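K.L.:
Okay, here's the structure, questions in a sec.
The values are calculated or read from the model by the stated rules, or taken from the named source; none is laboratory data. Computed from a predicted structure; not experimentally measured. Neighbour counts run over all protein chains shown; Cβ positions are idealised from the backbone, glycine included.
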Amino acid sequence: MTNHVRDWMSSPVVVVDPDSSVSHAMTLMRRRNIHSVVVDISEENPSFGIVTTTDIRDKIVAEGRNPAETTVREIMSGPIITGRADWTLAECSRVMQKHKFHHLPIADENGTLIGIISATDIFMAVEEQGWIEEN
């Protein structure tokens, strides 16, 4: 049985430029059947933001904004923290709960993006395997 982030994260991650239009991000999300895209806001050090379907609902649809005329930078959350592939699902869940995240980008020790995990991924792991207690 596997209870580490590396076993349940999605990879590769869909990454967009912060100056991309929200329309572009929406198209990628729909075509790939995903609920978030990571935004690369790195200048010197790896740094990431995120745009989710909830952001689009709340900041585009509810506010009556045109997604073709709005940049990802304008609606993204970030910079955000990244998780580690060697975390247990419980560790990851605690971090996501603390920060009120539903999606968490996963980076290696150099800060390179290697995956993303969602609350749905964690739910599927627990439903499929049952609960695994940490030692």
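K.L.:
Kindly indicate whether VAL95 is buried (at least 19 other Cβ atoms within 10 Å of the Cβ), touching a residue at least 12 places away in the same chain (Cβ under 8 Å) and of a type in the set (Val, Ile, Thr). Steps first, answer last, please.
P.N.:
Details: buried (at least 19 other Cβ atoms within 10 Å of the Cβ): no; touching a residue at least 12 places away in the same chain (Cβ under 8 Å): yes; of a type in the set (Val, Ile, Thr): yes.
No.
K.L.:
Further question: Of all residues being over 12 Å from VAL38 (Cα atoms) and touching a Pro at 6+ places or on another chain (Cβ under 7 Å) in the range 108-118, which is surrounded by the most Cβ atoms within 10 Å (Cβ to Cβ)? Just the residue, please. Step through it out loud before you land on a result.
P.N.:
At the first step, the residues of the range 108-118 found to be over 12 Å from VAL38 (Cα atoms) are 108-112, 118.
Next, only the ones that are touching a Pro at 6+ places or on another chain (Cβ under 7 Å) stay: 111-112.
Values: GLY111: 12, THR112: 9.
The extreme case among them is GLY111.
K.L.:
Also: Determine, yes or no, whether THR53 is within 25 Å of VAL126 (Cα to Cα) and within 15 Å of the chain's Cα centre (by Cα).
P.N.:
Values: within 25 Å of VAL126 (Cα to Cα): yes; within 15 Å of the chain's Cα centre (by Cα): yes.
Spelling it out, THR53 is indeed within 25 Å of VAL126 (Cα to Cα) and within 15 Å of the chain's Cα centre (by Cα).
K.L.:
Let me ask something else. Give VAL51, VAL72, VAL95 a once-over and let me know the one that is modelled with pLDDT of 95 or more and closer than 21 Å to ASN3 by Cα. Talk me through it step by step, then tell me what you get.
P.N.:
On the way: VAL51 fails: closer than 21 Å to ASN3 by Cα; VAL72 fails: closer than 21 Å to ASN3 by Cα.
From the options VAL51, VAL72, VAL95, the qualifying one is VAL95.
K.L.:
Taking VAL22 as the residue in question, decide whether it is touching a residue at least 12 places away in the same chain (Cβ under 8 Å), crowded, with 18+ Cβ neighbours inside 10 Å and more than 30 Å from GLU127 (Cα to Cα). Working first, answer last.
P.N.:
Details: touching a residue at least 12 places away in the same chain (Cβ under 8 Å): yes; crowded, with 18+ Cβ neighbours inside 10 Å: yes; more than 30 Å from GLU127 (Cα to Cα): yes.
Yes, satisfied.
K.L.:
Can you name every residue in the range 98-135 that is without any contact (Cβ under 8 Å) to a residue 12 or more places away in the chain and either aromatic (Phe, Trp, Tyr) or within 10 Å of VAL5 (Cβ to Cβ) (or both)?
P.N.:
Of everything in the range 98-135, those that are without any contact (Cβ under 8 Å) to a residue 12 or more places away in the chain and either aromatic (Phe, Trp, Tyr) or within 10 Å of VAL5 (Cβ to Cβ) (or both) turn out to be PHE123, TRP131.
Yes/no per residue for (1) small (Gly, Ala, Ser); (2) within 18 Å of SER10 (Cα to Cα); (3) in contact with a strand residue (DSSP E or B) (Cβ under 9 Å, 6 or more places away or on another chain):
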{"site": "LEU28", "(1), (2), (3)": "no, yes, yes"}
{"site": "VAL39", "(1), (2), (3)": "no, yes, yes"}
{"site": "GLU43", "(1), (2), (3)": "no, no, no"}
{"site": "ASP58", "(1), (2), (3)": "no, no, no"}
{"site": "ALA62", "(1), (2), (3)": "yes, no, no"}
{"site": "TRP87", "(1), (2), (3)": "no, yes, yes"}
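K.L.:
Let me ask something additional. Scan the range 104-126 for residues that are within 13 Å of SER11 (Cα to Cα) and in contact with a His (Cβ under 8 Å, 6 or more places away or on another chain) and jot them down.
P.N.:
Once the filter is applied, which keeps residues that are within 13 Å of SER11 (Cα to Cα) and in contact with a His (Cβ under 8 Å, 6 or more places away or on another chain), the range 104-126 yields ILE116, ILE117, SER118.
K.L.:
For the range 29-38, how many residues are within 15 Å of ILE60 (Cβ to Cβ) and surrounded by 12 or more Cβ atoms within 10 Å (Cβ to Cβ)?
P.N.:
So the first thing to find is which residues in the range 29-38 are within 15 Å of ILE60 (Cβ to Cβ), and the list is 29-30, 35-37.
Cutting the leftovers down to surrounded by 12 or more Cβ atoms within 10 Å (Cβ to Cβ) gives us 29, 35-37.
So the answer is 4.
K.L.:
Another one. Among the residues of the range 1-19, which ones are among the acidic types (Asp, Glu) and assigned to a loop (DSSP other than H, G, I, E, B)?
P.N.:
ASP17, ASP19 - these are the residues of the range 1-19 that are among the acidic types (Asp, Glu) and assigned to a loop (DSSP other than H, G, I, E, B).
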